[in-house]
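Taking it in order: structure first as structure tokens, then the write-up.
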Amino acid sequence: MALFEMKFQPGVNKQDTGVGATDRWVDSDNVRWRYGLAEKVGGWASLLTDTIVGVARKQLAFTDLEGNRYVGIGTDKFLLIYFEGQLYDITPWRTNSAGVQTTFTGSTITTNSTAPGTSITITTTSAHGLEIGDIVALESVTMPSASALNKNNIEFTSTDRQVCQVITAPSNVTFTITSPTAETNGGGSDLTSGSSCIVAPYQRIGPSQQSYGYGFGIGDYGGTVTGVVDDTLDGALDADTAGTGGSGTAVTVDSTTGFPSTGTIAVGAVPNAELITYTATNATNFQNITRGALGTATPGTSNGQAHSDNTIVQNATKWTNWGDAVNATTVTLEPGLWSLSNWGQVLVGTIANGKTFTWNSGVSGDTKFTTRASMNTTDYVTAISSGDGNPTASRFTLISPTTRHLVHFGTETTLGDSSSQDDMFLRFSDINAINTFAPEADNSAGDQRLQDGTKLMGAIVAKENILVWTDNALYTMKYVGSPYTFEFEQVGTNCGLIGQNACCEIDGVAYWLSNNGFFSFDGTVNSLPCVVEDYVFDDFDTTKGQQVYAGINNLFTEVVWYYPGASSSFNDKYVVFNYGESGRQPGGIWYTGVNTNSIRTTFIDATVYPKPHATQFNSSSTGTFPDVVGSSGLGQTVYFQHETGTDQLNPDNTVTTLTSFATSFDFPINTQQGAGEFFLAMRRFLPDFKTLTGTAKVTVGVKDYPSSTSTDSTYSPFDVTSSSRKFDTRARGRYANIKIENQSAGEDWRYGTFQVDVQADGRR
């Protein structure tokens, strides 16, 4: 018996061929390498019985002065606090520039539905500014006098934080929510009398996923707007500048109810409708009209088309024709992101391209959990209107931990003026005073504009500096004291950051993902050799770079990037760089995975908590916290603790099997005549596992030529247990490989060094 050792080098090599990746593994999922040996990753267990509504985009673990542990979780809809196994909603209310909460008192309710799941219409006394998908709280609710609906199903109280999703927004003073139960008393205008409520909107955060580019598929196209209002012409409209009714300045319809007070109407069938802008309305007229406006069938002319009486008229305020420039208000390129930092025991959260809020964990008792994150938290953030307060629009923020400066990146050149936001401009507060940003002779507040790139993308605290990335370059931001406060130095170019959360730092080394590959910084920018790089970038939707999330799992010396594949809306793949093991192998130790159980949108290392925490998103399910009326379509996030058990423990205490596999390269028989000269005959193999719980399946694959498809050998796969000694197999081919996997719950394994009885078996 000639024994051949199947001993492979750690990590996965996908840059080479199955034959060319000598002594390496070529594919894996839910497998890591530790001390040179392949093993199944640890499992994860849900920390909550609830699931979170929406997709999580940021986590931050921190403690208060008494040592209590918290995690701030920012989603596309909410800002939440995790504390001692419970979730708390601290999402800030919508506010004006001075931080004063926006509410709409005197709002009325119309129950439109005769069945659950249809709609309730809310009418406000002034323009609400709400959009589809916004979250609102209805307070002090009085249902219509004839309504059979229970107000408790839609009312927000201090003890029951039930909120509603805006389903449609037909006009600037009306919006609809989902009816939780059936209206048994008819519905419609007869169920309006006596109704009232206060509408309190949540801060708008952003969409669940990133969209790319301008034009078709972005925003509202072709005149169709969700919740569109329509009517018909009352009289013909000639093909000239005259309006109906002979006024020459107006378009007359049966009713303008529900249309915006100023905007655009589409007259006729889209996409060939004529678009007419107007600046005022009365009961039946759109006034101060401009014919041939925007994307009409006769663009560039002042004359419009002829339309007969009763032609349909639609609200087309957000309508965009093919070839027209898209209004920025109708286009969202980046997902709803948060940046989270802690200023001592105060959580500082910034909505991407929005405002900054604080939440004080040091408030005694449970009052803190019923207190919203606020722009005006006493002693921390003052009103924006003061001239010294926090900017109102920034891409992201960060706390300098040693100097306690709050830094706003991609922010306003004029404080308090969101229209002055400059994507390459940054501001920093006075030292130890996160409410003071106006530079003065007696403070250290200041600003800086970086040059290389088009936008600031991300920043992290490193060993001696703050590292700041643009979409093209890397800068260091170092505290130097008076008079300049911070010194900026460009240390790399063509190495920009692909997304705000695609960077991390451990032990003085930063790692990040760029459109140009993987990089590190240890005082010098280094391009990381990567033997899975083509595999990653060949199936990576880089237009969703803002969804990439980089995390550290220091216990296993891993940097992991979760990213969306080319055909996925959300992160469905991951790639790992093992910085601790990479000294064992030229090109580093890398591995990958695509298992749907591993989809993650955030990941934080074991620091405040003893094990890593991560969020898993499922777009086809519905979350349970907060309790959102009409939450369909928002998806759900499960909050997991990693490196726990062997499988996935779900919120309902059920177990989902965590499968794993690793596949070796195609190895030949080496003789004096060379590798692959002879066919090999494998008669038996001797398994060797460092650890094995349950059963591991071992498949021996064979093929005759490098380009051939591998086929399973006779008797494969083999069920290996801790008591297994040898397995007989009839494997014949010029090349062979092995695949190790598990398929059942409770199984765990760590590979050792297999031995096989193999000998040359001729040249044909």
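The values are calculated or read from the model by the stated rules, or taken from the named source; none is laboratory data. Bear in mind that the values here come from a model prediction, so they are computed numbers and not experimental data. With ideal geometry, Cβ positions are generated from the backbone for all residues, glycine too; neighbour counts draw on all protein chains shown.
Summary of values
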read-out: In the stretch 62-77, residue surrounded by the fewest Cβ atoms within 10 Å (Cβ to Cβ) [restricted to those that are part of a loop (DSSP other than H, G, I, E, B) and of a type outside the set (S, T, N, Q)]; value: Gly67
read-out: Filter result for Asp231 (charged (D, E, K, R), modelled with pLDDT under 85 and out of contact with any strand residue (DSSP E or B) (no Cβ under 7 Å at 6 or more places or on another chain)); value: no
read-out: Yes/no for Trp44 being in contact with a helix residue (DSSP H, G or I) (Cβ under 9 Å, 6 or more places away or on another chain) and closer than 30 Å to Ser208 by Cα; value: yes
read-out: Residue within the stretch 542-556 that is farther than 27 Å from Gln648 by Cα and surrounded by fewer than 22 Cβ atoms within 10 Å (Cβ to Cβ) present; value: yes
read-out: Residue in the stretch 171-182 that is touching a helix residue (DSSP H, G or I) at 6+ places or on another chain (Cβ under 8 Å), part of a loop (DSSP other than H, G, I, E, B) and in contact (Cβ under 8 Å) with a residue 40 or more places away in the chain present; value: yes
read-out: In the stretch 83-101, residue farthest from the chain's Cα centre (by Cα) [restricted to those that are among the β-branched types (Val, Ile, Thr) and in a loop (DSSP other than H, G, I, E, B)]; value: Val100
read-out: Odd one out for Gly481, checked against (1) modelled with pLDDT under 95; (2) over 23 Å from Ser429 (Cβ atoms); value: (2)
read-out: Exclusive hit being farther than 21 Å from Gln287 by Cβ, of a type outside the set (D, E, K, R) and at pLDDT below 85, set Gly219, Gly258, Gly243; value: Gly219
read-out: Residues satisfying the stated conditions in the stretch 473-484, i.e. surrounded by fewer than 20 Cβ atoms within 10 Å (Cβ to Cβ) and touching a strand residue (DSSP E or B) at 6+ places or on another chain (Cβ under 8 Å); value: Thr476, Lys478, Tyr479, Val480, Tyr484
read-out: Some residue of the stretch 517-525 being of a type in the set (Val, Ile, Thr) and outside any strand (DSSP E or B); value: yes
read-out: Output for the stretch 458-509, where each listed residue is part of a loop (DSSP other than H, G, I, E, B) and of a type in the set (Phe, Trp, Tyr); value: Tyr484
read-out: Single unsatisfied condition, Ser567 versus (1) closer than 25 Å to Ala45 by Cβ; (2) part of a loop (DSSP other than H, G, I, E, B); value: (1)
read-out: Wholly enclosed strands (runs of 3 or more DSSP E) of the stretch 102-168 bearing at least 2 residues touching a Pro at 6+ places or on another chain (Cβ under 6 Å), over 25 Å from Phe78 (Cβ atoms) and modelled with pLDDT of 90 or more; value: none
read-out: Qualifying positions in the stretch 189-203 - in contact with a strand residue (DSSP E or B) (Cβ under 8 Å, 6 or more places away or on another chain), surrounded by fewer than 22 Cβ atoms within 10 Å (Cβ to Cβ) and at pLDDT below 90; value: Ser189, Thr192, Gly194
read-out: Any hit, the stretch 275-285, residues being small (Gly, Ala, Ser) and at pLDDT below 80; value: no
read-out: Within the stretch 570-620, considering residues that are assigned to a loop (DSSP other than H, G, I, E, B) and of a type in the set (Ser, Thr, Tyr), the one surrounded by the most Cβ atoms within 10 Å (Cβ to Cβ); value: Thr601
read-out: Hits in the stretch 247-267 - residues which are touching a residue at least 60 places away in the same chain (Cβ under 8 Å) and touching an Asp or Glu at 6+ places or on another chain (Cβ under 6 Å); value: Val253
read-out: Test: Glu131 is among the charged types (D, E, K, R) and over 27 Å from the mean Cα position of the chain (by Cα); value: no
read-out: Qualifying residue in the stretch 14-29 (condition: under 24 Å from Ile135 (Cβ atoms) and surrounded by fewer than 21 Cβ atoms within 10 Å (Cβ to Cβ)); value: no
read-out: Any pair with Cβ under 6 angstrom, 6 or more apart, that starts in the stretch 712-732 at a residue that is on the phi > 0 side of the Ramachandran plot and ends at one that is surrounded by 13 or more Cβ atoms within 10 Å (Cβ to Cβ); value: Tyr715/Thr729
read-out: Every residue from the stretch 543-562 that is under 15 Å from Glu581 (Cβ atoms) and either charged (D, E, K, R) or assigned to a helix (DSSP H, G or I) (or both); value: Asn554, Leu555, Phe556, Glu558
read-out: Residues satisfying the stated conditions in the stretch 303-324, i.e. part of a loop (DSSP other than H, G, I, E, B) and either at pLDDT 75 or above or closer than 19 Å to Ala236 by Cβ (or both); value: Asn303, Gly304, Gln305, Ala306, Ser308, Asp309, Asn310, Thr311, Ala316
read-out: Test: Leu80 is in contact with a strand residue (DSSP E or B) (Cβ under 8 Å, 6 or more places away or on another chain) and in a loop (DSSP other than H, G, I, E, B); value: no
read-out: When residues of the stretch 716-737 are limited to those that are under 10 Å from Arg684 (Cβ atoms) and of a type in the set (A, V, I, L, M, F, W, C), the one modelled with the highest pLDDT; value: Phe727
read-out: Test: Cys495 is of a type outside the set (Phe, Trp, Tyr) and closer than 27 Å to Glu643 by Cα; value: no
read-out: Unique residue being under 14 Å from Thr615 (Cβ atoms) and modelled with pLDDT of 95 or more when the list is Thr49, Thr75; value: Thr75
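To keep it simple, each residue is scored yes or no on (1) in contact with a Phe, Trp or Tyr (Cβ under 7 Å, 6 or more places away or on another chain); (2) among the small types (Gly, Ala, Ser).
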site: Ala566; (1), (2): yes, yes
site: Pro612; (1), (2): yes, no
site: Ser620; (1), (2): no, yes
site: Phe625; (1), (2): no, no
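Every residue, every condition in (1) in a loop (DSSP other than H, G, I, E, B); (2) modelled with pLDDT of 90 or more; (3) over 34 Å from the mean Cα position of the chain (by Cα); (4) assigned by TED's automatic domain parsing to the domain that holds Phe754, yes or no:
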| position | (1), (2), (3), (4) |
| --- | --- |
| Gly18 | yes, no, yes, no |
| Asp23 | yes, no, yes, no |
| Asp27 | no, yes, no, no |
| Trp33 | no, yes, no, no |
| Glu39 | no, yes, no, no |
| Gly42 | yes, yes, no, no |
| Ala45 | no, yes, no, no |
